[in-house]
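A quick write-up on the structure given underneath.
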Amino acid sequence: MPPTPDTTPGPPPTRASSDLDRLAELYRQMLLVRRVEEESARAYAEGKIGGFLHLYIGQEAVAVGALAALRPEDYVVTTYRDHGIALAKGMTPRALLAELFGKSTGCSRGLGGSMHMFDREHNMLGGYGIVGGHIPLAAGVAFASKYRADGRVTVCFFGEGAVSIGGFHEGLSLAALWKLPIVFICENNEYAMGTPLSRSMSVEDVSLKALGYGMDRDRFVVDDVLEVERRIGEAVKRAREESLPTLVEVRTYRFRGHSMSDPAKYRTPAELEERKQRDPLARARASLVQRGLDEQRVEALERSVEAEVADAVKFANESPEPTLADLEPTTYKGPFAY
C-alpha cells in the first residue's frame, strides 16, 4: 500500500521562552536542514533525484535565524537554493524529500522539483529558477499586503549574483517608492556559481545598493543563528510597524559546489576547511553545551532529528509517482465552457 499524503505538522510557530530553549530549537532546525540536504545529496548520487540540486549546506543559520523572526502568516519568496528555507518556513521533510524524488506526495505532487518548493499552507511562495526574476514578484506580494492592510511582512532571499540583474533594481525601486513591508535578504556566499566576488562586482558591499533607493540597510557575517534572528528581526519590525523596506546583506558560505554537478575547484581545500571551522551549526551546538544544556539532552535532540530524516527518506522512497491523471488538474484550471 502506498503511503498516505503527508499531513504531519511543521515546526511550532512560536519559540520557547528561555534563550537556551530557543537556541536548542533553532539548532534542531539547522541540524534538520543539514541532514535533509546530506540525504538529498546521497539520493542524487543514487539516481533517485533528477535535474538540478542546489544544496544549502553551510547556510542553514540564515534561513533558520531569519524565519524565526517571522510570524506564521508572513510570506517568503526565494531563489532556487530553497530546501532549507522551505523547511525553516514549516514544510515537512516528508513533503520536501518526496518532491525531490518526484513523488506524488511531494509539496507540488512531484512536478516542481528542487528549484520550485511551494507550500501555500505555510506561505512559502516558492523557489524560482530565474536569477533575480523573483525579486519583483516579492515586491508584488508585499504590495498586496499593504493594499489589504493585513499586517504581513514579505521576506525575499537571493544570492549576490542577483544584484546585477535588472529585476533586483526594479524590485528595490518599487519597494522604496511605495514603502512596502518587505525585507530583502542577500545571501552573499561569495561565489556567484563559480565566480568570486572580486570578478563579479566593482563594490563588494551589497548593502550599499540600498542607498540609491533611500532604503534602510544592514550587513553582517553569519556566525550566530541568534544574531541572525535579532538583526533580521529589526528589519521585520520596521516593515511591519512602519511599512518600510530594508536590504540586508548576510555574509555566509556554502560548503558544497553551486549544484551537485559543480566540483567547486575554483576554491582551495584550505579555504573550505577554514570556513568549516566557523560552521554556525557547530557553533550553535557548542554554545548550547557551554550555556549549560546537558550533553545527553543535545544527543537526544540529535537522535530525534535522525529519526525524522530517516522517516522522510522512507516516505519518499515508498511514495507513488505522479500518474497521467495528475496532468490536467496541474496544467489547466477548469472546468472550461466552450
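The values are calculated or read from the model by the stated rules, or taken from the named source; none is laboratory data. No experiment lies behind these values; they were computed from the predicted model shown. Glycine also receives a Cβ, built like all others from the backbone with ideal geometry; neighbour counts cover every protein chain displayed.
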Kindly indicate the residue of the range 230-249 that is acidic (D, E) and in a helix (DSSP H, G or I) and also surrounded by the most Cβ atoms within 10 Å (Cβ to Cβ) among those meeting that condition. E234
Considering the range 219-229 alone, what residues qualify as being surrounded by 16 or more Cβ atoms within 10 Å (Cβ to Cβ) and β-branched (V, I, T)? V222, V225, V228
Given (1) at pLDDT 95 or above; (2) assigned to a loop (DSSP other than H, G, I, E, B), identify the lone condition not met by E37. (2)
Just need a number here: residues in the range 250-263 that are crowded, with 17+ Cβ neighbours inside 10 Å and assigned to a loop (DSSP other than H, G, I, E, B). 9
Condition test on I49, is it among the β-branched types (V, I, T), in contact (Cβ under 8 Å) with a residue 24 or more places away in the chain, in a helix (DSSP H, G or I) and on the phi < 0 side of the Ramachandran plot? no
Go over the candidates E318, E308, E295 one by one and state the one that is in contact with a helix residue (DSSP H, G or I) (Cβ under 8 Å, 6 or more places away or on another chain) and surrounded by 12 or more Cβ atoms within 10 Å (Cβ to Cβ). E308
Please work out which residue is farthest from P181 (Cα to Cα), limiting yourself to the range 200-226 and to residues that are in a loop (DSSP other than H, G, I, E, B) and out of contact with any helix residue (DSSP H, G or I) (no Cβ under 9 Å at 6 or more places or on another chain). S202
Quick check on the range 170-177. Is at least one of its residues of a type in the set (A, V, I, L, M, F, W, C) and either within 18 Å of the chain's Cα centre (by Cα) or under 22 Å from S40 (Cβ atoms) (or both)? no
Tally, over the range 52-89, of residues that are among the β-branched types (V, I, T) and at positive phi: 0
For Y191, the lone unmet condition from (1) more than 24 Å from T268 (Cα to Cα); (2) crowded, with 16+ Cβ neighbours inside 10 Å; (3) in contact (Cβ under 8 Å) with a residue 60 or more places away in the chain; (4) over 17 Å from the mean Cα position of the chain (by Cα) is (1)
The range 185-199 - residue that is in a strand (DSSP E or B) and within 30 Å of A24 (Cα to Cα) and, of those, modelled with the lowest pLDDT: N188
Just to confirm my filter: which strands (runs of 3 or more DSSP E) fall fully inside the range 59-160 and include at least 3 residues that are over 30 Å from N317 (Cα atoms)? 154-159
Select from the range 44-91 the residues that are of a type in the set (S, T, N, Q) and surrounded by fewer than 24 Cβ atoms within 10 Å (Cβ to Cβ) and list them in ascending order. none
Kindly indicate which of E229, E160, E241, E234 is touching a Cys at 6+ places or on another chain (Cβ under 7 Å) and at negative phi. E160
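Just to check your reading of the model, which residue among F158, F168 is in contact (Cβ under 8 Å) with a residue 24 or more places away in the chain, crowded, with 19+ Cβ neighbours inside 10 Å and touching a strand residue (DSSP E or B) at 6+ places or on another chain (Cβ under 6 Å)? Working first, answer last.
Numbers: F168 fails: touching a strand residue (DSSP E or B) at 6+ places or on another chain (Cβ under 6 Å).
Exactly one of F158, F168 is in contact (Cβ under 8 Å) with a residue 24 or more places away in the chain, crowded, with 19+ Cβ neighbours inside 10 Å and touching a strand residue (DSSP E or B) at 6+ places or on another chain (Cβ under 6 Å), namely F158.
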